[in-house]
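So the structure is just underneath, and the comments pick up after that.
What follows is calculated from the coordinates using simple rules that are stated; it is not laboratory data. Bear in mind the structure is a predicted one, so any value in this text is a computation, not a measurement. With ideal geometry, Cβ positions are generated from the backbone for all residues, glycine too; neighbour counts draw on all protein chains shown.
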Amino acid sequence: MESSVIDRVIHGIELTAAGFLAAVTALMFVSVFLRYLFAWSIPDSYDLSCLMLGILIFWGMAGAGYRGEHITVDLLWSVCAPRVQEAMDLFAALVTLVAMAAFAWMMGNKVLGTLRDNVLTYDTQMPVWVFYAVAWVGLAASVLLLVVRAVRLVLRSDAFARLSHHLTTAE
Amino acid sequence: MSTDLVAITGFATLFGLMMLRVPVGIAMGMVGVCGFGYLNGFTPALKLLAQSPIRTVTDANFAVIPLFLLMGAFASTSGMSRELFRAANTFLGHMKGGLGIATIAACGGFAAICGSSVATAATFSTVAYPEMRRYAYPEGFATGVIAAGGTLGIMIPPSTVLAVYGLITQQDIGRLFIAGIVPGLVAVSLYMATITAIGLLRPGFLPAGPRATWGDRLAALRDVWAVTLLFAFVIGGLYGGLFTATEAAGMGAGGAFIIAVLRRKLSWSDFWRCLLESVRTTAAVFTILIGALLFGYFLTITQTPQRVTELLTGTGLGPYGVLVLILLMYLVLGCVMDAMAMIILTVPIIFPVIQALGFDPIWFGIIIVMTVELGLIHPPVGMNVFVIKSVVKDVKISTIFYGVLPFVVTDIVRLAILILFPTLATFLPTHMG
Amino acid sequence: AQDKPVNLKMSTWVPPTHPLQASIQAWINDITKESKGTITGTIYPAEQLGKAFDHYDMVRDGIADFAYISPGYQPGRFPIIAAGQIPFTFADGTAGTAALDAWYRKYAAREMKDVKVCMSFLHDPGTLHSRKKIVVPEDMKGLKVRPAHGTMGEFVTLLGGTNVKASAPEARDILERGVADAISFPWQSVILFGIDKVVKYHLDVPLYSTSYVWAMNKDVYDGMSVAQKKVIDDHCTTDWAVKFAGPWADFEAGGRAKMRAMPDHEVVPVTPDQLAQWKKAAAPLQKNWADAVRKTGANPDTVWAELQASLTRYKGGL
Ligand code: NA
Ligand code: NA
């Protein structure tokens, strides 16, 4: 469980998600131009951008969970003693782990179901389950990284504790 | 247990988990699934996890969030914020409190391409704060201006919070954005008036900067073409009916990227940093969106929105009485919660009430954004204040809250104006192409 | 009367103003009466329990007890009932529904084995509504079309157009912004969703329909008493399918007359020769359908012949 190895894994996951975001943006941008300049639309560009959006979000969630970057209510936490804070962080990490594990399990079933049900895209009849499966990998990574996070919180790695106190927000 | 009691237990558990710092989205999802399971069997409840989240994350409409975030990141990286501030400063800097007024103007300009309040506040903490301190502006005032200016980020389009409101209530995001323009300009004017008033009321408190020459002014104006072009392109395209909101977001992100590259302001590592930032915030937002939708199924089968609507419309307070009650509730929630989380958690319950009372849904979107904006700057939890504190390390949180106080008053005045004159928000969207 | 009381969660993805809402309400009211109050129901309209796309899975998984399913949203998953979506198969919604329901009963348990199919129905045949005038199949070349379902999507591709996806509420927006040039939609729904504000031309042919299913969760059915099951069975009949879909069919059919009366709209007439061109252009769709059905192990020729027989019997064919 070398920190540098995990860091590289998580960096790789996030870079992949970033790559998918770049692809979604490019696809959207090009589609609009093609529409106005040539009155033409790329077959399945809609489905493709939606499915890639799903992948980038699930992969991005792996990073957010590991770093403790999810949006939280810090009011009580911020006035607690450090020992209590650590306990709360561990509790939150364990709850998150249980939730994400259930989610990853059910989503795994969804991937298999989509494969079985032969769900296809409209234009090019691509199998949808392949994209779901790639998105699912992000959830599976999420669960593994949350296990690492929980173990680290138990071992109270100082550097890690500092990392998880980053301020995050969404609006 | 009666369904009402189950719903109340659900809410209590949710708040308990959130107080213990379980991520908001995870807590909502968990309570939602468990509550649905309690009423309806746990196998179907778990199956919700297989249906709902994947549908949410592959919904094209939701793509506006990462795309507008990316547009803001590219714009910020390519130095547009600095140029805006410089241009505003050459015109306004010589007035009493001129740097503050220029900061508000530049925040307003930046808000026109950035959908996030916190990003706007963070950007101007690095751009405007050192300048204001150089001219001996008080710490509290300088940070207060930036905190208030930052809130323009979600008022002036594009706006992530308005987009999420639109997605939850199925209102047209384009119309919501257009509705934000005039209230945003009202906000800019009122903030500027507040600074001018402070300058007049407290002689010697706010210094004036040097007067710039017309040559400098024109040179600075030339620099802001990029922002102007991008805003005109994105919002003009939306208003003129050229793009859907999702497409406008894609065009904005693509356009900001091209401008940054053409001006050689975007290195390879900047490029990836912008994408990573957007992915991270997107992941955080979608976690609560997914959680909120799961919680929403629980609310649906307990019929909570209908109950709340019956309860509030039955109070005999009349539409405006209920509205004030709702806004007060938001102000209280703003003491503990993040704006986005607040919107996502409460709108599904409050929106039916607003509809039952006969209020305009687009107008209410603007009202609610202004209310959560207040939450961004009022104590004890004010996200903009925290972000400024994280950039400007040597200033006390209490100093920032003190400095932002006049703008809190301004915001309340503006809220009252918008309630009295709804047409300020509804005029433009009803005349869209 | 030892029957356990049941409250059925009934999910739809149309707004409560849609004619189906009233049909479902009338249907469940009758069930409540016949079951002496032991079976009641709550309608959750407008995707409150889940997206349109997911309604089959929702009723299978017990998220809803009854659900309004559009099998055509998932091309490839329910090939047999897709026959209901082949252009120029049905003349009108009411008789067509009777024909479809009677025919599909034989295949429902096989194709939708995870749920109990209560009844199948159609909407009144819809057509193409467009910003540019469409008269013959060649006019579709290069056009961007929002199709109603997978089969219409195939048709658009076949004619050299491209498909644009959007939900019904988004349809107006994408037409207004030129993301799409045309839409396949039933007549009155064009007005219901405000699409009449953004399109001008309406091809005057009963081009296509969409097959829907009203289905029940199997466990919920199995958990009922014999008497309750009988009440449900008595309300899952071809007669009820017609009562269910009839008001909606009338609603849609009324839109055509309204559109004719609107001064800035052109309902484009089609000559017998042009109609023949359209039918010829759509012919490959039936072959594609047959290929898909064959993969499931059924004999498409038999299935098609049975559908034709049913159409003749109920006078629902074109
Ligand atoms: Na903005
Ligand atoms: Na606050």
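Some values worked out for this structure:
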| quantity | calculated |
| --- | --- |
| Segment B:T43-B:D270, length gained on full extension (0.36 nm per residue, minus Cα span) | 77.1 nm |
| Rh by Kirkwood over Cα pairs, then Stokes-Einstein D for chain C at 1.002 mPa s and 20 °C, µm²/s | 107 µm²/s |
| Base-10 log of normalised Debye intensity for region B:321-411 (one unit scatterer per alpha-carbon) at q = 0.16, 0.20 Å⁻¹ | -0.66, -0.92 |
| Bridge type composition, chain C - antiparallel percent by DSSP, nearest 5 | 55 percent |
| Percent RCO, i.e. relative contact order, over chain B, from Cα pairs under 8 Å lying at least 6 residues apart | 26 percent |
| D (Stokes-Einstein, µm²/s), Kirkwood Cα radius, region B:257-416, 0.692 mPa s at 37 °C | 179 µm²/s |
| Square roots of 5 times each gyration tensor eigenvalue, C-alpha, region C:167-273, largest first, Å | 38, 17, 12 |
| Amide N proximity, region C:223-241 versus C:Q2 label position 7 Å along Cα-to-Cβ, cut-off under 20 Å | C:223-232 |
| HN-Hα J in Hz across region A:27-41 - Karplus 6.51, -1.76, 1.60, θ = phi - 60°, x for Gly and Pro | 4, 5, 4, 5, 4, 5, 4, 4, 5, 7, 7, 10, 6, 10, 10 |
| Cα→Cβ-extended label distance, 7 Å offset, between A:S78 and B:E310, nm | 3.9 nm |
| Dimensionless Rg/Rh of region B:301-355 - Kirkwood Rh, Rg from C-alpha atoms | 0.98 |
| Region A:2-170, relative contact order in percent, only Cα pairs under 8 angstrom and at least six apart counted | 31 percent |
| Cβ neighbours within 10 Å from other chains - mean over A:118-126 | 6 |
| Order by protection proxy (mean Cβ within 10 Å, highest first), peptides C:177-183, B:137-143, C:38-44, C:10-16 | C:177-183, B:137-143, C:10-16, C:38-44 |
| Bins of 10 Å from zero: percent of alpha-carbon pairs in region B:3-431 | 5, 22, 31, 26, 12, 4, 1, 0 |
| Proxy reagent accessibility, fewest Cβ within 10 Å first, across C:H265, C:H18 | C:H265, C:H18 |
| Residue order, fewest to most beta carbons within 10 Å, for A:T16, A:T124 | A:T124, A:T16 |
| Over chain A - Rg/Rh using Cα atoms and the Kirkwood inverse-distance radius | 1.07 |
| Pairwise FRET efficiency - C:H265 versus B:T3, Cβ, R0 = 51 Å, nearest 0.05 | 0.60 |
| Flagged links, alpha-carbon separation over 31 Å, of C:K133/C:K165; C:K9/C:K258; C:K229/C:K287; B:K47/C:K197 | C:K9/C:K258; C:K229/C:K287; B:K47/C:K197 |
| Alpha-carbon centroids, region B:300-355 and region B:361-433: separation in whole Å | 19 Å |
| Relative contact order for chain C, counting Cα pairs under 8 Å that sit 6 or more residues apart, in percent | 27 percent |
| Convex hull projection area averaged over all views, region C:63-170, Cα basis, nm² | 8.0 nm² |
| Fewest-first sequence of B:T123, B:T300, C:T127 by Cβ atoms within 10 Å of each Cβ | B:T300, C:T127, B:T123 |
| 20 Å-binned pair-distance histogram of the protein assembly as shown (Cα, whole percent) | 14, 44, 33, 9, 1 |
| C:K113-B:M329 FRET efficiency (beta carbon distance; Förster radius 51 Å; 0.05 resolution) | 0.55 |
| Highest-fluctuation residue, B:A12, B:A45, B:A27 considered, GNM on chain B with Cα pairs under 10 Å | B:A12 |
| Semi-axes of the equivalent ellipsoid for region B:87-155, Cα gyration tensor, largest first, Å | 19, 13, 9 |
| Partner chain coverage, peptide C:54-61 - average Cβ within 10 angstrom | 4 |
| Environment charge of B:K265, counting only residues whose C-beta is closer than 14 Å and scoring Lys/Arg +1, Asp/Glu -1 | +1 |
| Under the span-like rule (Cα at least 24 Å along the axis, Kyte-Doolittle mean at least -1.0), DSSP H helices of chain C | C:93-111, C:238-261, C:272-295 |
